[in-house]
Structures are given as C-alpha cells and as structure tokens.
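The values are calculated or read from the model by the stated rules, or taken from the named source; none is laboratory data. Bear in mind the structure is a predicted one, so any value in this text is a computation, not a measurement. Counting neighbours? That spans all protein chains shown, and the Cβs are built from the backbone with ideal geometry, glycine included. Ligands, DNA and RNA are stripped out before the accessible areas are found, and what is left, the full protein with its side chains, is counted by its heavy atoms. Shrake-Rupley method; radii C 1.70, N 1.55, O 1.52, S 1.80 Å.
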Amino acid sequence: MSSTAAGKGGIATIVVVAVLLFFLAAPIGALLMRVAGDGTVPAAHAVYRVLRFSLSQAIVSAGIAIVLAFPVAYAVSHYRFPGRRLIVAASMLPFVLPSIIVVVAMVAFFGRNGTVNRLFGMEANLVYSFAGIVLAHVYYNVSLAVRVLSAAWSGIDRRYGETARSLGDSRPGSFLRVTLPLLRPAVSTAFTLVFLYSFLSFGVVLVFGGVRYATLEVAIYREFFIDLDFRSAAVFAAVQLGFTVLFVAAFARSIHADRAGVARSDPRLPRLADASPATRLGMVLYLLIFAVFLGGPLATLIGRVAADPTVFRDLFVPRPGARSVEKIVRSTVPGVILRSVAIAFVSGTATFALSAWLALSHRGKGNRLFETTIFAPMGVSVVSVALGLRLLWEGIVPMGALVVVGQVVVTLPIVFRIVRAGVEELGDRFVQAARVLGASRFAVFRDVELPLLRRTFANAFAYAMALSFADITMVLGVGRGRIATFPVAIYRLIGFRSFDLAVALSVIYIGMCAALFLLIDATTERRSDR
Amino acid sequence: MITIRNVRKRYPEFEIILDLEIGEAEIVSILGPSGSGKTTTLRLIAGFERADAGSISVNGRDVTALPPERRGIGYVFQDFTLFPHMSVAENVGYALRVRAVPPAAANRRIEELLELVDLRGFGTRRIGSLSGGEQQRVAIARSLAVDPTVLLLDEPFSSVDEVLRSDLRAEVRRLRSELGITVVFVTHSRQEALAISNRVSVYKGGRVVQTGSPEEIYRRPVTPFVASFVGPANYIRRNSEVLLVRPEDVELRTVRRGTVDGTTDAAGDGKLLVLPAEVEAVEFQGHSYLHRCRLEEGAPVSEGAPMGSGAPMESGAPIAPRGTFFEALHSARLAPGTAVELVCDMSRAWPLPRE
C-alpha cells in the first residue's frame, strides 16, 4: 500500500490478468488442445442438435423470465409493500442455491407426484422435459430479471409518463411509447444475463435432460466422464467457447451495464395499500402468485421433511434393506457437512479477500483491460475450466486445492461486483476528507472505510462462501464425485432414486445457508436503513 | 379560465385547501416557499393528482374526475422531461402521433410549432445535443401541440442560467399574447413572479394567502409573510399599527455623528420619518446598493417605532424586532460604520391589515 493510486490500479490489473491466465485461460486451452488428440469427432448433426437445444431453451427461458418479471418489477419500483425487501433480496437466489436443489425442489413441486399435480389431481410430467428445463431456468433467474428491471425502472422519472399523459396519451399508450423504450437497455441486460446463465446451465439439464436433452455444458461433461472421449469433449467445448465469446462480445455493453444495483426502498414511494382498488387487486394477486411460484418449491421441501422428520434419521442410520447414504455418496453425512464447510470457508475467504483488495485498489479507475478480464469468467464454461484444470494439474496439485482454485476463479466476478457496488456507493470523498486531515492510507482504511463497508464486506463474504457451498460443476468436474460436498451428495442420492434422502439433505443445506445469512445480518448493523 | 373551488388534498404531513380563480389569457404565477403546495396545484389542474374534495373546472368544463390525457392542458416540467429516446420532431409530434394525425399534417404542424419557438430546422436533432434554453423551447412547443387553452409551467426557468432566463420569460409572454392562452407557472423566485405575471398568487402552508397584481402584492401585502416574501421589507410600529416601508422609500443621507435629532421630519409636514443609523453591510445590486443599517439605540422616535427589516414568517405571532436593522437603497456604496440618517417616506408606507 505504498505506491501511488494509479500504480495500484496497474498492479490490480496485472494480478487479475495473471490469475485468470493461469487458472482460466490455460486450463481451457489445455482442454481445447485435445481437439487434435485421440478420440472421435462428434457428428455435425449431433453438435448441431446440442447447440440448437442450448440456444432455444436459453431464449425461451430468458423470454419467459422477463415477461413474468415485468409486473413484479413494476410493483417493486413503484410501491412499498410488505415483503418487498425479500423480493429484491431473492435476486441472489440463482447464485447461492445449488442447481441440484432447484432440481429437487422442482420435482417436489411440479413433478409427477409433486404438490401442483396433487393439488389439481393431475399426473402431468412437468419436469423431465424441455418444459421442465425451461421451468427450472425461469425459476432460477426470474428474480434476477426482477432486480435488473426494477432498478432501471425506479431510475426512470415518473414524470416522463405524466408528460406523455398530459399530451393526450393513455396509460397503456404512454407505457408502450415512453416507458418501455426507456427500459429497453435494462430489458436487454436482463435478457442477456438470463440467456447466458441458461445457455451455460449444467446441473438442471444434467438431471432433467435425460438422454434427450443436453446443453453444450452437459455434453462436454458426458463425453469426458461417461464416454471418456476427450476429443469429443474438446470439440463441444470449442463450439461453446466460440458462441459465448460471440455473445459476450455482442452484448458486452448489456452485461457491463448491470452494476448489481437494486431498486431503492424510497420512503417516498406510495404504499401499495394506497393505490387504486383495481391496481391494488391486480398487483396483490400477481405478487401472491409470484410468491407461490418462488416460495412454493422450497416450502414443499421443508413441508415434506416436517411431515416425516424420521427421514433425517435415515440419513445416518439406513432403514432395513435400504442402501446407506455412505454407500451411495461414498461419505457419511457429517463428512459431507464438514467437507462442504471447509471448502466453502477456504474458497470463500480467498475469493472475498481478492475481491475486496481489487475493489479498493481499483476504485474509480476506468481500465478496459481490467474490466474485460475480471468479468471474463462470467461468460466461460465452468465445466471446461474444471476439466482443463484436471488435465493440467491432476497429480501435481491436490484435488481439493484444485477445486478451491477453480471456484475462486469462477466466482470472482460475482463477489467482486458485490464489493464494488458497496465501495462505489461509499465513493472516495470520505477517504479524501480523512487524508486531508492527515490520516495515512492504512489509517483511512481502518478508521473510515472498514467501519462504513463492514456490512458490504460481510455480505460479500457470505456470498463468496455460499457460492462455493452451492457449486456442483467444479466439484463434480474436478473431483469426479470423489469429493462429496452437499450438491454432489444430493446429485448421487437422486441418481440412486433416494429422493426423500435428497430432500432431507437439501433442507439441511438450506438451513445452513439461511443461518449463514441470518448470522451476517444479525452481526452487522444496517446502514441502509438509517 | 380555471376555477378551483374548495379543493382539498390531504397528505400525511399536511393538507392543501385551495380556492383560486384564474381568468382567460392571464399569466398567473404561483409563488411560495417549498412545500407550500405550489406544484401540487399544477398537478391537480393537470390531473396527475386527484383532489380529495372540491372541484376544478377549465373553461367551464368540470375536469375534476378526468384523467390527464382528457383534459387538454399543456404541462412543462421543471427539467422539461423531453423523451431522451426521441428526436426533437418526435418529441414535438408526440401528441399528434397519439391522436393518429396523418403524417403529412403532423409534419406540417411540427414545423409550425418549431417555428413558433424559433427552432426551425431542429427537428432531427437529438435531445442530448440541445442547450438548456433549446430544451425548454422544445418542451413548450411539445406541450402546445395539443392546442391547449391552458399551459402549466413548473419552475420553468430554474434550470437555465440568468441570461437565458429573461429571454425565455419574454418568449413565454410573447407566446401567450400570440396564442391567447392562459399560463400558470410555479416559481419560488419573487423577481420572476413579479416580472412576468399579471397576477401573483402567494402560497403558504397549503393555502393561498393573497392573490393580486404584482404591484398589489408588493405594495399592499395582506400579511407580513407576503410582504417579506416578495421583497425586502422594513416595519415600523405606529400606535397599534404596523407599517411596511420598502427600501426604495427610505432615503439614505450621510451625516456627522450626533447631529440628527431623530424626531424630525425635515419637510415639516409629518410625511417623513428620520432615523439615525449606522451602515452595517452593503450588497451591490447592479442598479443600486442595498444598505443594511443598524438603527441607533434609544433613538428618540416620535412618530412610530422602527421594527426592523425582515418580518418573522409566522403570521399570528407578534412582530418582534430581529435586531433593529433597516434596509435602504442608495446610489453609491457607503463604507460600513458610516453614520447615516434614514429618511422614510411615510406617505408610501402601507399599514398591514391586523390579523
């Protein structure tokens, strides 16, 4: 911390570039090299089929998520109502909820014997299908779309709409002609993000896709581990990389436009309870349905174990005649918990520390190289990185360490954004004020920044841990199932048709994750609620 | 013509109760401190807010229950709210597009409107490329596209610089006389209100305190609040009366200390009040200097007791002297500390109505 501010920005850039070159670019390169190696080259029509599925489900998922998010975004950006904070907070769901638990929750809620089917007396197959994959992706990402749209919407002066109406336009007319065009950048940002996450989806498709559907991500994994055909895997990886680079280049602006902002809880917003009866009725109904859609699947999981808590005992002591968890998962449940927590702690600490250092030292400096590099992992196939890391370092670096390194690299952009949002909101005026008063750079950090950023840091640290906790792709890709963390264990339980055990383990996971965030919330005062 | 009758609008913290009559082709300004209900009045007239009680009619038509798009009223917001995703012509033609006016006719009308505000040839420009004054004129042209009989302007001049401001004022006045429409605008600048309106309505705490011509408001205010809000004011108590004396009615003469007896009225006809004082501070105002003077303590005053300048804002409270200062205009700058005598022209003093 001795060099000048500009110099530190430079160092941050060098560090980021070096880390990502070693642990992101090199592994992917190693995998792609296999295109020229042993194995078969998949048939063009097979590649085309996988590509078409990857694209079509991502487009449909993004489209539906945005349409569903619109009314919620309107409510969040225009009114105050109970539960508003929860909806805004739910936008982080896709990052901290393992895809495998989404799968379990979807099956429990929408599956053949799920809550919805039982409620309506049907037996529809809503999950193990194209529709099921889209459903899960929408479930996963709709809150993200809500956040992006509502943040933009609350930034649009409502007087634009009023002006339009004073010029003779109706309410729907002014929405179509004025508000919607002003929202267009946000719509395109939300669409791009949901599209990208769905395009790169792994866990959901791995389970729901069966033999019929595979995203490129799943195809790479299958070729690598099931068919042991590295060359095919490399071809799929190359195709995927080509397309993601294309998307990211085309939509770079949309992706960068998302500064992780949220719709502010402005006390001047009118209460929903004060809106006109028609608006109120429509909004309340829609929000309720949305809440059921979002909360229902998770509530079902908890409901199931609450109805029969003995299932927890089954996790430790198998029922007579049933296969034990230890046999299926190749680890005891306490082992799973300890291993998950240990990996999450190490990986979370590293990601957080790196993010915090980068955000602080790089504050307020526009550096294109830095910006592009640090967000690069967002558009990169996690499976490819995982397999590449394996190819490069297996036998040299312990597997556990490889998993941690991989997780740090792929979660860095997300955690960095959280820290940066807080750091940027704080600005550097306090720092400048303190330095004018004669404080050293370190004293400023200790006395001014740390206290003011405590909540941001705590939050980012929690997310960093949760992201690692939720990771299945890296653990599965590098560890090949031998490192049994929560998501891997749940995945195996599903594979062995031990659905009730999977539900029980999911509930334990959700409980631990909730405890983590409640702990963070309770130990840091809320500055935003002044 | 706008008639606001007994309109009430309740907010958590305060309530607005309005009665206001605005004649045809008038320029009326609504003047008052922030939070006094000025903008709300415009929003009620435009239909962005619904009154809890009372009625609003425009040209004899009751519009109380109509949505904004059916009131036919032009509205220009403080920062113009030009649609950033449209060109100048698209902004101006917005109302025509909504009404499905055929493109040829719409384009002709857009040309006309741009010409009206002196922006011919600006049609294809992007909003971001316009200066503040140009933006304002586009906003006005846009609001005129609906052929409104009433144009509402919310602090229309506050986001442009001083120089432009007087140009734009002239522009608004010209448009009003050319088109014969009623203009109501909100301002918290007294100069602006007095300069361009033929009537001024002074607000306080959600009520209209006084409505009248600029001269009336300035010279014959009904409360000390109005008196002080529209200009610098000096107050003199005479018997049980409080008299308002504006600084321009106070002549400032330099004297040698101790030579003024304070009682006299130099002309001997009882119309002048002379007060001994000392210059405290001077503000240059361009055409003259506003001198803030401290009155000599215990100055023998026969005709009335000086109250000092700047009245307490709370009506109903007794007028308490905030120090005994008087403000007076003078053509030259006098150094602070200069001994002066203040000659008040009592024939131009205005007795404030008792509250």
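Restricted to segment A:153-179, and to residues there that are of a type in the set (A, V, I, L, M) and in contact with a helix residue (DSSP H, G or I) (Cβ under 8 Å, 6 or more places away or on another chain), the residue that is nearest to the other protein chains (Cβ to nearest Cβ) is A:Leu167. The set of residues from segment A:28-48 being surrounded by fewer than 12 Cβ atoms within 10 Å (Cβ to Cβ) and among the hydrophobic types (A, V, I, L, M, F, W, C) comprises A:Ala36, A:Ala43, A:Ala44. Surrounded by fewer than 24 Cβ atoms within 10 Å (Cβ to Cβ) and among the charged types (D, E, K, R) - does that describe any residue in segment A:145-153? Scanning segment A:145-153, I find no residue that is surrounded by fewer than 24 Cβ atoms within 10 Å (Cβ to Cβ) and among the charged types (D, E, K, R), so the answer is no. Whenever a residue of segment A:421-439 is assigned by TED's automatic domain parsing to the domain that holds A:Leu453, its partners that are among the basic types (Lys, Arg) and crowded, with 17+ Cβ neighbours inside 10 Å, lying with C-beta atoms within less than 6 angstrom and at least six residues away or across chains, give the pairs A:Val423/A:Arg363. Just one of the listed residues (A:Met106, A:Met92) is in contact with a Phe, Trp or Tyr (Cβ under 9 Å, 6 or more places away or on another chain), touching a residue at least 24 places away in the same chain (Cβ under 8 Å), open to solvent by 20 Å² or more (accessible area, probe 1.4 Å) and part of a helix (DSSP H, G or I), and it is A:Met92.
Considering only residues in segment B:252-281 that are in a loop (DSSP other than H, G, I, E, B) and over 22 Å from B:Arg348 (Cβ atoms), the one that is modelled with the highest pLDDT turns out to be B:Val255. Applying the criterion of being without any contact (Cβ under 8 Å) to a residue 40 or more places away in the chain and touching a helix residue (DSSP H, G or I) at 6+ places or on another chain (Cβ under 7 Å) to the residues of segment B:119-135, the residue that is most open to solvent (accessible area, probe 1.4 Å) is B:Arg120. Of the residues that sit in segment B:153-177 and are in a loop (DSSP other than H, G, I, E, B) and within 14 Å of chain A (Cβ to nearest Cβ), which one is surrounded by the fewest Cβ atoms within 10 Å (Cβ to Cβ)? So, considering only residues that are in a loop (DSSP other than H, G, I, E, B) and within 14 Å of chain A (Cβ to nearest Cβ), the one surrounded by the fewest Cβ atoms within 10 Å (Cβ to Cβ) is B:Ser159. What about A:Ile226, is it surrounded by fewer than 23 Cβ atoms within 10 Å (Cβ to Cβ), touching a Leu at 6+ places or on another chain (Cβ under 7 Å) and of a type in the set (A, V, I, L, M)? Here the answer is no, as A:Ile226 does not meet what is asked.
Scanning segment B:85-105 for residues that are touching a Gly at 6+ places or on another chain (Cβ under 8 Å) and facing another protein chain (nearest Cβ under 7 Å) yields B:Ala95, B:Val98, B:Arg99. A Cβ distance below 8 Å, combined with a sequence gap of six or more or placement on separate chains, defines the contacts here; from segment B:136-152, residues that are more than 9 Å from every other protein chain (Cβ to nearest Cβ) and basic (Lys, Arg) reach residues that are in a loop (DSSP other than H, G, I, E, B) and open to solvent by less than 10 Å² (accessible area, probe 1.4 Å) in the pairs B:Arg137/B:Val117; B:Arg137/B:Leu119. List the residue pairs whose Cβ atoms are under 7 Å apart, where the first residue sits in segment A:241-252 and is under 20 Å from A:Ala190 (Cβ atoms), the second is open to solvent by 80 Å² or more (accessible area, probe 1.4 Å), and the two are 6 or more positions apart or on different chains. From segment A:241-252, no pairs qualify. Considering every residue within segment A:323-341, establish whether at least one is buried (at least 20 other Cβ atoms within 10 Å of the Cβ), within 21 Å of the chain's Cα centre (by Cα), assigned by TED's automatic domain parsing to the domain that holds A:Val410 and among the hydroxyl-bearing types (Ser, Thr, Tyr). Within segment A:323-341 (the criterion being buried (at least 20 other Cβ atoms within 10 Å of the Cβ), within 21 Å of the chain's Cα centre (by Cα), assigned by TED's automatic domain parsing to the domain that holds A:Val410 and among the hydroxyl-bearing types (Ser, Thr, Tyr)), the answer is yes, since at least one residue qualifies.
Within segment B:114-143, being touching a strand residue (DSSP E or B) at 6+ places or on another chain (Cβ under 9 Å) and within 18 Å of B:Pro156 (Cα to Cα) holds for B:Ile127, B:Gln136, B:Ala139, B:Ile140, B:Arg142, B:Ser143.
Yes or no: segment A:165-183 includes at least one residue that is in contact (Cβ under 8 Å) with a residue 40 or more places away in the chain and either among the polar types (S, T, N, Q) or open to solvent by 20 Å² or more (accessible area, probe 1.4 Å) (or both). No, that holds for no residue. Among the residues examined, A:Thr411 does not qualify as in contact with a Phe, Trp or Tyr (Cβ under 6 Å, 6 or more places away or on another chain) and of a type in the set (S, T, N, Q).
Each residue in segment B:78-102 was checked for being on the phi < 0 side of the Ramachandran plot and in a loop (DSSP other than H, G, I, E, B), and 11 of them qualify.
Taking segment A:424-501 and the helices (runs of 4 or more DSSP H) fully enclosed by it, the elements with 3 or more residues that are under 19 Å from A:Val325 (Cβ atoms) and open to solvent by less than 10 Å² (accessible area, probe 1.4 Å) are at A:473-479, A:486-495.
Summed over segment B:167-200, the residues that are among the small types (Gly, Ala, Ser) and farther than 20 Å from B:Arg246 by Cα give a count of 4.
Take segment A:120-152 and flag every residue that is under 16 Å from A:Ala105 (Cα atoms) and either out of contact with any helix residue (DSSP H, G or I) (no Cβ under 8 Å at 6 or more places or on another chain) or among the aromatic types (Phe, Trp, Tyr) (or both). A:Tyr128, A:Ala131, A:Tyr139, A:Tyr140, listed by residue number.
Restricting attention to segment A:35-66 and to residues that are free of Cβ contacts under 8 Å to residues at least 40 places away in the same chain and not small (Gly, Ala, Ser), the residue that is nearest to A:Leu193 (Cα to Cα) turns out to be A:Arg52. Among the residues in segment B:103-117, are any assigned by TED's automatic domain parsing to the domain that holds B:Thr41, within 26 Å of the chain's Cα centre (by Cα) and open to solvent by less than 10 Å² (accessible area, probe 1.4 Å)? For segment B:103-117, residues assigned by TED's automatic domain parsing to the domain that holds B:Thr41, within 26 Å of the chain's Cα centre (by Cα) and open to solvent by less than 10 Å² (accessible area, probe 1.4 Å): present. Looking across segment A:280-312, the residues that are over 20 Å from A:Gly511 (Cα atoms), aliphatic (A, V, I, L, M) and either open to solvent by 70 Å² or more (accessible area, probe 1.4 Å) or not assigned by TED's automatic domain parsing to the domain that holds A:Val104 (or both) come down to A:Leu281, A:Leu285, A:Leu288, A:Ile289. Only one of the listed residues (A:Leu412, A:Leu387, A:Leu392) is assigned to a helix (DSSP H, G or I) and either outside the structural domain of A:Thr485 (by TED's automatic domain parsing) or open to solvent by 10 Å² or more (accessible area, probe 1.4 Å) (or both). That residue is A:Leu392. Out of A:Val397, A:Val405, A:Val382, one residue alone is under 21 Å from A:Met92 (Cα atoms), of a type in the set (A, V, I, L, M, F, W, C) and either at pLDDT 90 or above or open to solvent by 20 Å² or more (accessible area, probe 1.4 Å) (or both). It is A:Val382.
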